[in-house]
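J.: Right, I'll just put the structure down here and ask away after.
We did not get these values from a lab; they are worked out from the coordinates using the rules stated. Keep in mind that this is a model prediction, so the values were computed, not measured. A quick note on method: Cβ atoms are made from the backbone with ideal geometry, for glycine too, and the neighbour counts reach across all protein chains shown.
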Amino acid sequence: MGRGHTTVDGRYSLKEKCGVLAAYSLSGYDVAPMLVRGLEALQHRGQESWGIRVRGHKTFRRMGLAVEGLSGRVLDWKGQSGIGHVRYSTKGRTILENAHPIDIGEDFSLAQNGTIANHENLFARMKGEFSLNHSVTDTKLLGLRLQQSLRGGDDWFTAMEKVSHELTGAYSLVFITNEGDIYAARDPQGFRPLSLGYHIPTSTYLVASESCAFASVDAKLIRDIRPGEIVKVNKEGLLSRLFAKRVQKAHCSFEYTYFAHPSSIIEGISVYEARKRVGRLLAQRVPLKGDVVIPVPDSARPAALGYSEESGIPMEEGLMKDRYRKRGTMRSFIEPSQGSRAEIVKQMIPITSTVVGKDVILVDDSVVRGTSSKIVVRVLRNAGAKSVKIVVTFPPVRHPCYMGIDFPTRQELVARGPIRGDKDLTEISKTVASRIDADQVVYNDSSNLSKGIGLPLTDLCHSCTTGNYSCLGTPTLNFKTRTQMKS
């Protein structure tokens, strides 16, 4: 999904970073209300559009946040199985046409979190059989390719195995067939999270991008869907199979510092505790002098608490989102345009008594484009802060992401440039501090981040910080500018 970005072969592809959800009740419980509540819990993964498909009903898609503009009849839908999606477009127009779930003929509907990096390869393979133009999204192409295999006589497990050999990129998928069967699959490297849960009172299996969706409906986390695994749920219960050989894992480290909900458990690790550990380790690695530690709301709070506890510098709330405004709860990073991102950040309200005359240590999860950070620094200075030093839990983002995060071009990245060691990292930090008007910027490094998360460095994807795309089968990528594709 999304607007165009350069692919591994130098062409343009489409990508998406969203939240997916699926439910199947073995007892015949109507799952529509459960899907809506679960999508609300996944709202932090996408706030542009949402949709659900329940067996026996046409796909329902709407712009905006989940339940905004919701017709009461949707909550009253009868059906024991369904899927849902919240959309964050890393590239692409914010229009209803691009919302999920996507119907693949009369056979099935699907929703995706991720991006197929070799989109053009699939397009070239299939354009002879289907009437396609270059605006077709990666999700639709994947669905059509699976449809080809299924109509050729393959079952879902075989089809997924065959098609996976043709795919490069990140994908966590949920499907519902016209018979009401539910399928879910996760790419062999496990870039994007995907979890399996169970609601005991209604005997309902659930699949979701994050376990926080289970908690919202009083369901229990069973486990993560394994990389390269496909699961099927129907009236006979749960069936699982690996469709791809075991390869090196490449879990997205950005999930742990920013994207995931702090209450979620991913790969057996508490996101909240991981962020707090990262803050502690940063205080050990780079102790700073200051009067107060302030988090950038909301995802940086656990890291700021960890930094405060380890450093002994008190943490205070110095910035508040205006939650009484319509857009007060929105996340700026996942907004589709620079203007809308800036507008959300500008709605942060400083607590003057916390910052006036103080040397502020501002803890943030990431500094990507620098626009939001520059606004926050200005807000704190205008409120009377004596100085503003920024501690960043994620390493410098210097390269585009091709696995579903909105880092599409190097030109827009405030930390772009080569880093070959601590000396260059220091120079990048100085350059970024100058660009965003901070007194000092301190970045985390990949090793420290890995230690804080609690996963081996080799199990995490760091392509956006290193420029090494070997997890996609190529060490480097072609950054030539091409005509942007529409979605």
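J.: Can you compute the modelled spin-label distance between residue 124 and residue 241, with each label point 7 Å from Cα toward Cβ, in nm?
T.: Taking the two extended label points, one gets 3.0 nm.
J.: Once you list every other residue whose beta carbon is under 13 Å from the beta carbon of residue 386, what net charge do they have if Lys and Arg are +1 and Asp and Glu are -1?
T.: So the environment of residue 386 carries a net charge of +1.
J.: Is any residue of the range 179-193 close enough, with backbone N under 17 Å, to a label point placed 7 angstrom from the Cα of residue 248 along the Cα-Cβ axis, and if so, which?
T.: The answer is 188-192.
J.: Name the long-range amide H neighbours of residue 460: under 5 Å, sequence gap of 5 or more, or other chain; modelled H, no Pro or chain starts.
T.: Residues meeting the criterion, in which the H sits 1.01 Å from N, are 251.
J.: So how far apart, in nm, are the two label points at residue 96 and residue 322 if each is 7 Å from Cα heading toward Cβ?
T.: Label-label distance for residue 96 and residue 322, simple model: 3.1 nm.
J.: Can you put 317, 106 in order, fewest other beta carbons within 10 Å first?
T.: Sorted ascending by nearby Cβ count, the order is 106, 317.
J.: DSSP loop (so not H, G, I, E, B), at most 14 other Cβ within 10 Å: list which chymotrypsin sites (Phe, Trp or Tyr not before Pro) in the range 105-144 pass both filters.
T.: The qualifying sites are 130.
J.: Ranking 139, 158, 371 by Cβ neighbours within 10 Å, fewest first, what do you get?
T.: 158, 371, 139
J.: Sticking with this structure for a sec: Longer than 20 Å from Cα to Cα, which of 162/245; 289/358; 78/220; 289/451; 374/451 are they? Say none if no pair is.
T.: Exceeds cut-off: 78/220; 289/451; 374/451.
J.: Want the number for residue 470 to residue 63: 0.36 nm per residue separation, take away the alpha-carbon distance, what's left?
T.: 142.9 nm
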